[in-house]
1. Just the residues that are touching a helix residue (DSSP H, G or I) at 6+ places or on another chain (Cβ under 7 Å) and either assigned to a loop (DSSP other than H, G, I, E, B) or closer than 28 Å to residue 226 by Cβ (or both), please, taken from the stretch 132-146.
2. With (1) part of a helix (DSSP H, G or I); (2) touching a helix residue (DSSP H, G or I) at 6+ places or on another chain (Cβ under 7 Å) as the list, and residue 262 as the residue in question, which single condition is left unmet?
3. Can you name every residue in the stretch 201-214 that is within 17 Å of residue 334 (Cα to Cα) and of a type outside the set (Phe, Trp, Tyr)?
4. Taking residue 218 and the conditions (1) more than 14 Å from the chain's Cα centre (by Cα); (2) over 23 Å from residue 331 (Cα atoms); (3) modelled with pLDDT of 90 or more; (4) small (Gly, Ala, Ser), which numbered condition does it fall short on, given that it satisfies the others?
5. Report yes if some residue within the stretch 166-183 is aliphatic (A, V, I, L, M) and within 25 Å of residue 346 (Cα to Cα); otherwise report no.
6. What about residue 162, is it modelled with pLDDT of 90 or more, in a helix (DSSP H, G or I), open to solvent by 40 Å² or more (accessible area, probe 1.4 Å) and on the phi < 0 side of the Ramachandran plot?
7. Name the single residue that is farthest from residue 48 (Cα to Cα) among those in the stretch 74-109 being open to solvent by 10 Å² or more (accessible area, probe 1.4 Å) and aliphatic (A, V, I, L, M).
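The values are calculated or read from the model by the stated rules, or taken from the named source; none is laboratory data. All figures in this text were calculated on a predicted structure; none of them were measured in a lab. No Cβ is skipped: glycine too gets one built from the backbone with ideal geometry, and neighbour counts run over all protein chains shown. Calculation scope for accessible area: heavy atoms of the full protein, side chains included, ligands and nucleic acids excluded. Shrake-Rupley method; radii C 1.70, N 1.55, O 1.52, S 1.80 Å.
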Amino acid sequence: MLTLENNCIVIFGASGDLTQRMLIPALYKLYSHQKLSSSFAILGVSRSTYDDQSFRDKLIKDLASDDNVDLESLDKFCEHLFYQVMDPENKDEYTALKQRIQSIETELKIDSNTLFYLATPPSLYSVIPQNLAAQGLNVEDDGWKRLVIEKPFGYDLESAIALDKILYQDFTEDQIYRIDHYLGKETVQNMLVLRFANSIFEPLWNSKYIDYIEVTGAEDLGIGSRGGYYDNAGAMRDMIQNHLLQVIAMVAMEPPAVINADSMRDEVVKVLQCLKPLNEDDLKHNLVLGQYTKSHVGDECLLSYREENGVPEDSRTETYIALKMFIKNWRWDGVPFYVRTAKRMPTRVTEVVINFKKTPHPVFSDNPPDNKLIMRIQPDEGTLLSFGLKKPGAGFETEPVAMDFHYSNLKNSALLSAYERLLLDVLKGDATLFSRSDAVRACWEFVQPILDYKKNKFDLYGYAAGTWGPIEAEALFKNGQTWRSPCKNLTDTDYCEL
């Protein structure tokens, strides 16, 4: 097992929501399971006026609300926490930051291995790296320097290219870790093992045996307090461009020669570069954009998107996208990939459904059983295989049955959360599950026609909050294909559908 080098983790945006809800809990969990190095420091950086002790007190209060937290280990963990008040946009304040890092490293006998995590608004992604470099905090003469950037990686193709250009002035690609928490989920990685480690699946993983593939990323909630952000992003930038295209690449990629960062990411890029470009006909017939409207679900009144806080009353931002797309290579030629994502759907679920072609045997041609492989990414993580067996009695009528696996059934096997896994990988220097520049660019090249299409007059369909989206999305399907309507529980999933 790789032993981590001692290090200092510098978190910009330390008083923000991401740090409080995700990063510090993940780092504490790694610490409590003895997965961090024996000597480490976490330095929070933000404009908010804390000192070391008040910052620790705040985080102790937040973490201690979890009944699973051991208070003694929490106190010891917080001894590694420090805080620096500074304005990340003020380059003059980085001299004091450098001195503070050096002081902490000397105090705790830490080598100059430094992780800079940008848990900040994207507007600072180009500012902070330049200011760090001006102080020589990007130089690896005395230890590694790594830069973690949260999505979005640009706002469109042009801005993504511009961001890369700025980053590459001071940091190399192997120093930059573009984090997408979807790729840190155990179930996303398990899709690769399911395919490549089992000979019963990989021979069928092609256009000869697969009819179509569905990828769904549904949320049952609205946008909450994120109205200002979401109305500028929409479902395309929020989910399709990053999370779901990366999931599709993992489903469709070729087997890598070896399991390492370069080989894995090479195969991901090959898939993304084979996405069939969207032309005018595709935008007209293979794309459905929608926005949720007011509705009543039980006794609850669900607001429309335009009634949400921070959303203009005439907003035409999409909260629903359904897209029919193709991958132009030998393995997937002619196989449609249907991808959809939305807010205010009946349940929260992210899953991939592999729909196999139906048997051509004449005995079953009138009512052949559906063969589906359902890979549930969240929640109720697991895998379900649906197929047909004979009904008891005379004749050969079939009925659907399923074999299912749930991660929750594994005993003594605690899953790392996405952020726990990815933070650990950054500290190890393993970039396998992080987006490379060419992959990000390929995603933006694919979605840019949709962004351009949205600048002009386009059809925006309403769908009642709490439903599966506009009825117009059904028109994307041909030859009896249709969306699957997932239930909350994976075990019951296909019985709800079939």
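1. 135, 137, 138
2. If we test residue 262 against (1) part of a helix (DSSP H, G or I); (2) touching a helix residue (DSSP H, G or I) at 6+ places or on another chain (Cβ under 7 Å), just (2) comes out false.
3. Within the stretch 201-214, 204, 206, 207, 208, 210, 211, 213, 214 meet the criteria.
4. Just one mismatch for residue 218, condition (1).
5. Looking for residues that are aliphatic (A, V, I, L, M) and within 25 Å of residue 346 (Cα to Cα), one finds at least one in the stretch 166-183, hence yes.
6. Answer is yes for this residue.
7. Checking each candidate, the answer is 108.
Here is a yes/no grid of residues against (1) touching a Pro at 6+ places or on another chain (Cβ under 9 Å); (2) without any contact (Cβ under 8 Å) to a residue 24 or more places away in the chain; (3) open to solvent by less than 30 Å² (accessible area, probe 1.4 Å); (4) not in a loop (DSSP other than H, G, I, E, B):
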residue	(1), (2), (3), (4)
4	no, no, yes, no
14	no, no, yes, no
20	no, no, no, yes
23	no, no, yes, yes
30	no, no, yes, yes
38	no, no, no, no
44	no, no, yes, yes
68	no, yes, no, no
72	no, yes, no, yes
